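The values are calculated or read from the model by the stated rules, or taken from the named source; none is laboratory data. Since we're looking at a predicted model, the values are computed, not measured. Quick reminder, even Gly has a Cβ in these numbers, built from the backbone with ideal geometry, and neighbours come from all protein chains shown.
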Amino acid sequence: MMYRMRGTNNIDVKARNKENIKRLLFKQKSMTKQEIVNALKLSLPTVNQNVKELIDENLLDESGTLESSGGRKPQLINFKYDARKSIGLDISQNHIHIVILNLSSDIICEKRINCIFENTKEYWSYLNKLMEDLCLTNEINMSQVLGISITLPGTVIPDKKILKLAPTLQIKNLDLNELEQYFNLPVIFENEANAAGFSEVWNREIINDAIYLSITKGVGGAIIIDNTVFHGKSGCSGEFGHFIIQRDGNKCNCGSNGCFEAYCTVNVLTKDTNGDIDEFFKQVKLGNNAYIKKWDEYLDYLALGLHNIKMIFDLDIIIGGDISDYLQEYVEILKDKMKSLVENDKNIDFVRISRHGKNASAVGGACMIISDFL
């Protein structure tokens, strides 16, 4: 029994050393073997063996040298960020968005198409074909791909792989395990706002904790604590769209009245433009008083919602989704409206606009796969 335990521990230590070297080089890009020894407090033979294995797996290479004061110049070990790829597939009511990232989270290629959601065999098979065709077009070998993340606009229970509720897709209690059969790669599922929130903090030293507010045809969000998505007890955390901001107010898709979503979804702005948000803001800039009034009222409710979120969490708030590309121009007006809600602390520097915009959900899902790999 003692012999088996010792063997298991040695295997665990070896695997952990290899993972630590991989993560260190991922962060540092290039290092000498001696620098790895010093950073991780490992022996040189241990580093040599693990580096060799990672080179054999095509994750590292040896190229370049450092200057030396004497003797042989030390060889640099480099992380190969293009050695693996990750795919993010974001699904909404009327669109499909696919991105393919390398390990540095750079977008290698992307595709966005109009496609009405249907929970059918044909729809899911079509998604797989779109993804494989995109890889083929961009000469990406499927053996390089770590997996696929599928992000959805609803309450996803990741560990059980259940889509509990997605009002805009008109879906309840969908068993996501059944969808894996349509794809030829490992698949993970996540709420679109959780994935988008993760995209904002992944691999960034300056942000560890934040609230992400996603505003599209629905309003959702993510709570990011220590670079990790907080799912809550039942997977429903971050559903900011469904706290009440107006008693007996407008009817929401969820069936309740007065929800934040009922006042701040993009649909509120595009009722008179056939769902065309570009046309809405065109009318605002042309000085159309009806559209200017609607936008002003929208910002009032958005300011109120942001104020409430800040009071509860006291974290930076990142606004993303379809609205983010348009909001940047009006962010100071929004901040002024938020200042009017408080008497004392007028600092509104905690509000910022997403760096990924409409790409955030697809990118964040793909980053989750990279994070798991590392």
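Here are the numbers:
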read-out	value
Residue tally, condition among the polar types (S, T, N, Q) and outside any strand (DSSP E or B), over region 98-113	2
Pair list, Cβ < 8 Å and 6+ apart or interchain, from region 317-337 residues that are within 17 Å of Ala195 (Cα to Cα) to residues that are basic (Lys, Arg) and not in a helix (DSSP H, G or I)	Ile317/Arg352; Ile318/Arg352; Ile319/Arg352; Asp322/Lys217
Candidates Ile348, Ile319, filtered to the one that is crowded, with 20+ Cβ neighbours inside 10 Å and within 22 Å of the chain's Cα centre (by Cα)	Ile319
Some residue of region 353-363 being without any contact (Cβ under 8 Å) to a residue 40 or more places away in the chain, among the charged types (D, E, K, R) and surrounded by fewer than 20 Cβ atoms within 10 Å (Cβ to Cβ)	no
Test: Thr168 is closer than 17 Å to Ser361 by Cβ and in contact with a Ser or Thr (Cβ under 8 Å, 6 or more places away or on another chain)	yes
So Asp276, is it within 18 Å of the chain's Cα centre (by Cα) and surrounded by fewer than 14 Cβ atoms within 10 Å (Cβ to Cβ)	no
Among residues of region 115-158, those that are closer than 21 Å to Asn177 by Cβ and among the polar types (S, T, N, Q), counted	7
Qualifying residue in region 242-255 (condition: closer than 29 Å to His307 by Cβ, assigned to a helix (DSSP H, G or I) and either assigned by TED's automatic domain parsing to the domain that holds Asp314 or of a type outside the set (Asp, Glu) (or both))	yes
Within region 338-352, tally of residues that are in contact (Cβ under 8 Å) with a residue 24 or more places away in the chain and either part of a helix (DSSP H, G or I) or under 30 Å from Ser149 (Cβ atoms) (or both)	4
Flag if Lys335 is under 26 Å from the mean Cα position of the chain (by Cα), farther than 21 Å from Thr155 by Cβ, at pLDDT 90 or above and among the basic types (Lys, Arg)	yes
Where Ile116 falls short, out of the listed (1) in a loop (DSSP other than H, G, I, E, B); (2) under 19 Å from the mean Cα position of the chain (by Cα)	(2)
Number of positions in region 71-111 that are over 20 Å from the mean Cα position of the chain (by Cα) and among the basic types (Lys, Arg)	3
Members of region 266-300 that are in a helix (DSSP H, G or I) and of a type in the set (A, V, I, L, M, F, W, C)	Val266, Val268, Leu269, Ile277, Phe280, Phe281, Val284, Ala290, Ile292, Trp295, Leu299
